[in-house]
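Below: one structure, written as structure tokens.
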Amino acid sequence: MNISKNYNHSKVENKWYQYWIENDFFHSEVDDREPYTIVIPPPNVTGVLHMGHIMNNTIQDILIRRARMQGKNACWVPGTDHAAIATEAKVVDKLKKERINKTNISRDQFIEHAWEWTRKHGGIILEQLKKIGSSCDWARTKFTLDQDLYQSVIKVFLDLHKKGLIYRGVRMVNWDPDAQTAISDEEVEYKDEQSKLYYVRYKIKNMEQYITIATTRPETILGDSAVCIHPDDARYTHLHGEKVIIPLVNRVVPIITDDYIDIEFGTGALKVTPAHDENDYMLGQKHNLDSYDIFNDNGTMSKQAQLYIGKDRFLVRKKIVKNLKNIGCLVKTEDYTNRVGFSQRTNAVIEPKLSMQWFLKMEELIKPAIENVENDNIRFLPKKFKNTYRRWMENIRDWNISRQLWWGHRIPAYYLPNSNDFVVAATIEEALKLAKQKTGNIDLISSDLRQDEDVLDTWFSSWLWPISVFDGINNPDNKEINYYYPTNVLATGHDIIFFWVARMIISGYEYRNQKPFNDVYFTGMVRDEQGRKMSKSLGNSPDPLKLIDKYSADGVRVGMMLCSPKGGDLRYRDDLPEQGQKFCNKIWNAFKLLNGWKIDANIAQPANAKSAIDWFEAKLNKSIELLDNQYSDFRLSEALMTVYRLFWDDFASWYLEAIKPDYQMPIDKATYDSTIIIFDKLLKLLHPFMPFITEELWQHITERQKGETIMLQDMPKSNGYSKDILKNFENTQKIITNIRKIRKDKNISYKIKLELNIRPITKDKYYNYFDQIIIKSCGLSALKMIEEKMTGVASFIVKNTEYYIPLGDTINKEEELEKLQKELKYQTGFLNSVMKKLSNERFVNNAPKMVIDKEKTKQNDAETKIKALNEQIDNLN
């Protein structure tokens, strides 16, 4: 069939993706086949494709395409996450540009703006995923705010509340002043910051003495409720029971004693600010201290601060230091490296803050989730992440599940009139019934109730993802959840092991009494050449779509996977997708060569072609077995390298060279047909990694019917192989390489036929199944067996056989001697290293017999070669 000179990837990619979609090849329905299920880690609805998405979704696509070709019912469920904080920020920013302030519109109006933004921008990333060939079941696309998923989340909240696991209370939380919401511990990223340590003295009431404290946050002095010292600190014994005056606000607070204090740290005296430090909060609870919330939700100073009201906290830090100096309370300032918490969502500095929040008790829920990872019922790959998971689970705290936002799943709690008491219900109608029962007031109406303003943490919806996408919460016994769940594998970044992976495992056992997935494949981070995380601010993150335009989707996929070790970070370089593109061209050109041969059915199959086919089929079957092992252990980068080398090195470089007909001569039909079968198998092995070019060429190699596709063909299986054939061909490759080197070194044209004389060094009989390939590949006139050594010839040794090529006057004795002496030096050094091992008593006594036997074989081979080399050198002298 006609094929273009060059591979036009953009034309091919658009054509075949449309073909796959039109024929519904990605769609899955419940049937009698074995299911193979993957649920996509839902990207944020605000997101656009980045290099991490490329790597993660390529991995998922490789697994799903292979499963499909294994005859399994492959189902890859796509979708997006409503991303409460990120989306609300985008919408607020959009409204600002339209001169609309969020606080000036109603909640319902804001939600409508958010839906409008989502409808306009929300599908972008899913469309971009199609560009890399993602074979998701797009008909199943889900969004975490879809009605059925919304109902699932509310139903779970009601259930957990009924079980007594969800409660409401004032706790110290991580407050994001930019997003103006609480966030979880896992959403706080700590960084080392160069800051200052301020030493400030507080006057002792009714005494002409001071006590000095040290703080990195002098603005919080305005919220101090006490100064704490250790009861055994001799420096401060005389201050027990005394009081101090807080500078600037002149608040009188007690000096308290507690063994929590580290006598050796700082001055040994600690300012206590219960409203804005977690440890201080615990001290405040223990000692019944007052609490002063000096910050507004946006990080400005509140009325309780008394001073600097409405000013930003960091501006106040500068002002208060100046004012403390002016009144003589600033003792000194030191440079200090401080661990500061930042919001992962907005990069704002986190403010510890007392806040009324909703929490989920975790202590009992986590038990089956710990047990089933520990016993490998759920397999973590790489295994090292089991330790990370266990440490976090063993130190887990109750989950703060409420967020002070409007976009998301609104908490289904309804407050009674003029009360903080509430009822929990799925709808206002149900809430009204419960409220009437609770109050005994049958005259209550819906408008008397007030729904909680907060929404649930985004992760509270995505922790149900493997269940809710199959409607397993609303309809727990439906045929889809019973068929597709548990899913087979979750491929995700290790950075969300706590946010998402752990919580999905928890919900899986709580609501299905079953694991959510069999395997978790943790991908690494995509970094630049310097090992830095890719980011817009550094300008080190290439645009994946531009890379696809330049190098092809298959080229980018191959480039990413070639250097993507299991669980390890990938250091991206532009030559990676370029290497992938070159591989595409290699495959294309190999088929062009095949396609250009004329076929003659009347020609007998030559011996060199038959033996080449036998060798490659053995090599192919061995590679298939290796691939199966690599896939089962998720060594996908190694699997790609296996099939890459099989095609590039073995098929394109050795096999095609061995079978190709002489110039302008036809090929026999038997060889051609066998080669097409081999090429077909290679395309199938390559397809999970390179879906587009393999579909294009598979459609070309023979006439296809409408509706046929490579992705639904059976994945090749191994029929076993002869180790002797493979070993024999390895020797053949060495023989051919040596002869070609002689031709190159001596500048001998292939028009000149050479004669190869063969002399076994040992008593073993010489046999090479591939002699005809040697003759054809090396331009030989004949192979001759000899018993005596030859002099004045070019020679080399492979295994236990000497090979001689008479060159007449073309041989340069000095060059040949130099070559032989160089080889003798190498073999002597090699023998010495082997003998050093064998003379080591510890090695001989402890190494397995198989290892020792291998070393002895190396010794015998080296001694045989050294003897032959010395004889060849003597013959030339």
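The values are calculated or read from the model by the stated rules, or taken from the named source; none is laboratory data. Small disclaimer: the values here were computed from a predicted structure and weren't measured. Virtual Cβ from ideal backbone geometry, glycine too; neighbours counted across all protein chains shown. Ligands, DNA and RNA are excluded from the accessible area calculation, which covers all protein heavy atoms including side chains. Shrake-Rupley method; radii C 1.70, N 1.55, O 1.52, S 1.80 Å.
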Task: Estimated inter-spin distance, GLU278 and PHE830, nm [label 7 Å along Cα→Cβ] - done: 6.1
TODO: Starting from the Cα of LYS746, draw a straight line to each of the aspartates and glutamates and keep only those under 12 Å, dropping any in the same chain fewer than 8 residues away.
DONE: ASP809, GLU815, GLU816
Open item on the list: What does the extension gain come out to for ILE327 and ASN629, with contour length at 0.36 nm per residue minus their alpha carbon separation?
Closed with: 101.3 nm
TODO: Return the lysines within reach of LYS384: Cα separation strictly under 17 angstrom, same-chain partners fewer than 8 residues apart disregarded; answer none if there are no such residues.
DONE: LYS566
- [ ] Could you grab the relative contact order for region 466-546? Cα pairs under 8 Å, six or more apart, rounded to a whole percent.
- [x] 27
Open item on the list: Give me, ordered by chain and number, the residues 5 or more places off VAL244 or on other chains with an amide H under 5 Å from its own placed amide H.
Closed with: LYS205, VAL253, ILE255
Open item on the list: Using +1 at the C-beta of Lys and Arg and -1 at the C-beta of Asp and Glu, which of ILE85, ALA74, THR694 has the Cα lying farthest in the positive direction of the dipole of the chain?
Closed with: THR694
- [ ] Between the alpha-carbon centers of region 551-576 and region 711-760, tell me the distance in whole angstrom.
- [x] 31
TODO: For the chain, give the magnitude of the charge dipole about the Cα centre (Cβ charges: +1 Lys/Arg, -1 Asp/Glu; no others), in debye to the nearest 20.
DONE: 1820
Task: ³J(HN,Hα) computed for each position of region 471-476 - Karplus, 6.51 cos²θ - 1.76 cosθ + 1.60, integer Hz, glycine/proline x - done: 6, x, 8, 5, 10, x
Task: Residues of type lysines that LYS825 reaches as a straight line, Cα spacing below 21 Å, ignoring anything fewer than 8 places off in the same chain - done: LYS734, LYS741, LYS799, LYS813, LYS836, LYS837, LYS856, LYS858, LYS865, LYS867
Task: Between 0 and 90°, nearest 10: helix 9-22 axis offset from the chain longest Cα axis - done: 70
Open item on the list: Using only Cα atoms and rounding to the nearest 10 degrees, what angle (0 to 90) does helix 313-326 make with the longest principal axis of the chain?
Closed with: 60
Task: Interatomic Cα distance distribution for region 473-615, bins of 10 angstrom, percent - done: 9, 22, 20, 20, 17, 8, 3, 0
Task: Rounded accessible area of ILE677 (nearest 10 Å², 1.4 Å probe) - done: 100
Task: Check: region 534-629 dipole with +1 on Lys, Arg Cβ and -1 on Asp, Glu Cβ, in debye - done: 180
Task: ³J(HN,Hα) computed for each position of region 344-353 - Karplus, 6.51 cos²θ - 1.76 cosθ + 1.60, integer Hz, glycine/proline x - done: 5, 7, 10, 6, 6, 5, 6, 10, x, 8
Task: Heavy atoms of VAL77: accessible area, 1.4 Å probe, square angstrom to 10 - done: 0
- [ ] Take the alpha carbon atoms of region 303-344, find their center, do the same for region 35-66, and report the distance between the two centers in whole angstrom.
- [x] 46
TODO: Determine the sum of side-chain charges near ASP31: Lys and Arg each +1, Asp and Glu each -1, restricted to other residues whose C-beta is under 13 angstrom from that of ASP31.
DONE: -1
- [ ] Hey, can you grab everything whose amide H is under 5 Å from the amide H of GLU755? Only 5+ residues off in sequence or another chain; H modelled, so Pro and N-termini drop out.
- [x] SER781
Task: At R0 = 51 Å, FRET efficiency that the Cβ-Cβ distance of LYS205 and LYS582 yields, to 0.05 - done: 0.05
Open item on the list: Compute the angle between helix 51-69 and the longest alpha-carbon principal axis of the chain, please, reported from 0 to 90 degrees and rounded to the nearest 10.
Closed with: 60
Open item on the list: Can you order the peptides 220-228, 434-442 by their average number of other Cβ atoms within 10 Å per residue, highest first?
Closed with: 220-228, 434-442
Task: Under 5 Å, built H, 5+ apart or other chain: amide partners of TYR36 - done: ASN73, ALA74, CYS75
- [ ] Note down the accessible area of SER718, probe 1.4 Å, to the nearest 10 Å².
- [x] 40
TODO: Starting from the Cα-Cα distance between PHE25 and ASN846, subtract it from 0.36 nm times their residue separation and give me the gain in nm to one decimal.
DONE: 289.9 nm
Task: Neighbourhood charge, 14 Å Cβ-Cβ cut-off, centred on ALA426 and excluding it, Lys, Arg +1 and Asp, Glu -1 - done: -1
Task: J(HN,Hα) series, region 673-679, from Karplus relation 6.51 cos²θ - 1.76 cosθ + 1.60, nearest Hz, glycine and proline x - done: 4, 5, 5, 5, 4, 4, 4
- [ ] Any chance you could list P(r) for the chain, counting all Cα-Cα pairs in 20 angstrom bins from zero, rounded to whole %?
- [x] 12, 32, 29, 18, 9, 1
Task: Distance between region 853-877 and region 605-654 - C-alpha centres, whole angstrom - done: 33
